[in-house]
Every structure is written in structure tokens, then in C-alpha cells.
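Read through the structure below, which is laid out as C-alpha cells, and then see the notes.
The values are calculated or read from the model by the stated rules, or taken from the named source; none is laboratory data. Model, not experiment: these values are computed from the prediction. FYI the Cβ positions are ideal-geometry reconstructions off the backbone, even for glycines, and counts take in every protein chain you see.
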Amino acid sequence: MSGGIRFDRVSVAYEGTTVLDSLDLTVEPGEVMALLGPSGSGKTTALRAVAGFVRPAAGRVFIGDRDVTGLPPYRRGIGMVVQQYALFPHMRVEDNVAFGLRARGVSKGEIRERVAETLEMTGMSAYARRHPRELSGGQQQRVAIARALAIRPGVLLLDEPLSALDTRLRSGMLAELARLHRELPDVSILYVTHDQVEALTLADRIAVLDKARLRDVGTPRELYRAPRTGFTAAFVGEANLLPVRVVADGVTFAGTELKVPTGDAAEGAGATLCVRPHLVGLGAGPNVLNGRLAEVQWRGATHRLHVDVGGHRVMADLRELRTAPAPGDLVDLHFAPEDAVLLAAGVTDG
């Protein structure tokens, strides 16, 4: 089956509660689309609708050019990897990988070829005769991915596949997934995560969901540098979201006039200014904010300053300071006009 996924106004409800509301979204053939959002946002439900594990209350699901809304999971031609791997503990690695192929009636010779191919692709050839209990968490995840790829799916569904791994293993598996995608450029990947780093690292585009609805969609760079809503700004990375009012040459915040691009925003209108913490500097510069330091957090390579400016908390992430200011000190923060994004009133919460 050809790759690509299309949600056509898909809604899902459980016992009268809508958990996915009129989702319109297309994943292009060969694209990695991350579904990003908090718990309960609808992202896993969307993935399960593609897999065939939930039936939409309304709308249609397409894989390639086929309407699969009414098809059972085994007829959809998909591969799926879940958080807990779901390997069969009594089967050796090679038999786990072969399971889907045997269920499809693939010949023994082709099964041997595909199992060898996918184990080689995932770096697990040397572990073919082991049982899952003899593998680390990262190795088990590789086997789960090999099993999903063995059926040569047009679509690969990944549901929080790295959340059970520690930070070091997660970083390594992200690199492996990126490599696999380069080797399988025709496979569309739908990747569910609540981890913004995973989404920013792996995805070609990110769909941001909240409260069962799609809030934003775009490339990682677009959503990070020019978010359209305050929810996106706060969820894709971290952000200072400052309540401002538009004036002739910029905005005012806490009694201070700031020079920032305002686009077509009307003078006098209320809005929200988004500034990423790593773009805020300490000391003199353009767009200076005066405040009192409330908290200093040492984060290894950086210090994070929390500064009270007119009753609003402003964050600044600075390269590790040899001598950091102390809580209670008066400090100046600054940021460049081009590093700020103005969000219109009414879109600050998504």
C-alpha cells in the first residue's frame, strides 16, 4: 500500500465525550509528522484511528488513496511501535520480527530474507537468537521497530516509543530513527509524543493538539520561531508570553516601550509578545527591561534567571555565568526587536 495519511474531519467520542474533534490533517508520503500535545489532547486517539483500533464517530481516514475507515487493522498495511514494545517474551528476537510476516502467509524463504534485512537495518543481527528478557530497553525497542518494518509498511505509527528509555538511550534512539527514515524515504511516519525535543529533532512537520482539537501545524522551525498561538509558543519550546499594548512604533509592557515588529496590529490593541528565554540577554542592549531577580537556576551549561518585571515573571537563559547575580538584585534584561513575535489578542491560549 502506498504511504501517506489523510484525516478528513475525523471525530472520536467515548461515552459521549469527544476526545478528537474534526481533525483535518494530511501526512505526505515519506513525511515524518509528529503529533505533539499534553495528555488528553487527542494525539494517541488520532494514531489509533489510523491503526484501526478506534472507529471514528464522524469523518474518514485514508492511507494512500484508500479509505480505510471501515477496515480492520490487519488489512491496513501499517507498522506500529508502542511505548512498552509488546514483544512476545517466549519468542526469540528473530521469531518476534517474523510474526507479522507469518500471519500474512509470506513464504519461509522471504521471511528469512526480510528478518535478516530488518535486523541488519536496526543493528540487531547479533541478537537474533536471544529472548526479549536478555535485551536492554533500547535493544527491545529496536526489535519492535524491526518487527514493524519487516512487513514493509507504507505507514509506520510510533506511539510514545521512547518514553520508557533513559535520557542517553532516548538520544541514541532518536538518531537511529532519523537514520532509518533516511534509509526508508517512502515510508510515512506518524509519531505521537509529549516530548518537544523528540518532535523538534525528528519531525518534518509538527501538529500541535490540545483539548481534542488541532491548534497549529507547521515545520519545527516555523512553530518555534513564529508560533501563531500562545499555546504553541509555550508547548513547542519555552517562551516568555508578555501582555502588551500596541503603540505607534512597537508595544508597551509594564510601563516600558519596546521596539518590535507589529505587522498589521491596530494601535491601542492588546496583544501578547513572545520572546524565547535564550534570546534574552543580561545588561544593556535594545529593548531593556528593568526588574528584580527572583530566582537563579544553575543548569550546567546555562543559568536561568527569573526576573520580576512589573509583576510579571521574565525568564532569561544565559551561558553559564562566572558570577551570577543574587536573588533580590536589580538587573537589566534586553532582547533584539527581530527576536520577538507578536501574537494577536484572542489567540494567546490556542
Taking region 274-329 and the residues there that are in a strand (DSSP E or B) and polar (S, T, N, Q), the one that is farthest from ALA234 (Cα to Cα) would be ASN290
Filter region 137-179 for residues that are part of a loop (DSSP other than H, G, I, E, B) and hydrophobic (A, V, I, L, M, F, W, C) and give the result. ILE151, LEU162, ALA164, LEU165
The lone exception for PRO89 - which of (1) free of Cβ contacts under 8 Å to residues at least 60 places away in the same chain; (2) outside any loop (DSSP other than H, G, I, E, B); (3) of a type outside the set (Lys, Arg) it fails: (2)
Cβ-Cβ under 9 Å pairs, at least 6 apart or on other chains, region 45-60 side among the hydroxyl-bearing types (Ser, Thr, Tyr), far side assigned to a loop (DSSP other than H, G, I, E, B): THR45/VAL54; THR45/ALA212
Answer from GLY105, GLY123 - the residue that is at positive phi, touching a helix residue (DSSP H, G or I) at 6+ places or on another chain (Cβ under 7 Å) and in a loop (DSSP other than H, G, I, E, B): GLY123
Among the residues of region 64-77, is there at least one that is among the hydrophobic types (A, V, I, L, M, F, W, C), in contact with a strand residue (DSSP E or B) (Cβ under 9 Å, 6 or more places away or on another chain), touching a residue at least 60 places away in the same chain (Cβ under 8 Å) and buried (at least 19 other Cβ atoms within 10 Å of the Cβ)? no
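Here's the yes/no breakdown for (1) part of a helix (DSSP H, G or I); (2) surrounded by fewer than 20 Cβ atoms within 10 Å (Cβ to Cβ):
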{"site": "SER11", "(1), (2)": "no, yes"}
{"site": "LEU25", "(1), (2)": "no, yes"}
{"site": "ALA34", "(1), (2)": "no, no"}
{"site": "THR44", "(1), (2)": "yes, no"}
{"site": "PHE53", "(1), (2)": "no, yes"}
{"site": "VAL61", "(1), (2)": "no, no"}
Would you check if VAL192 is touching a helix residue (DSSP H, G or I) at 6+ places or on another chain (Cβ under 8 Å), buried (at least 20 other Cβ atoms within 10 Å of the Cβ) and either part of a strand (DSSP E or B) or modelled with pLDDT of 95 or more (or both)? yes
Take VAL115 and tell me if it is buried (at least 16 other Cβ atoms within 10 Å of the Cβ), over 22 Å from VAL32 (Cβ atoms) and without any contact (Cβ under 8 Å) to a residue 24 or more places away in the chain. no
Being assigned to a loop (DSSP other than H, G, I, E, B) and surrounded by fewer than 17 Cβ atoms within 10 Å (Cβ to Cβ) is the filter here, so list the residues in region 198-234 that pass it. ASP204, LYS211, THR219, ALA226
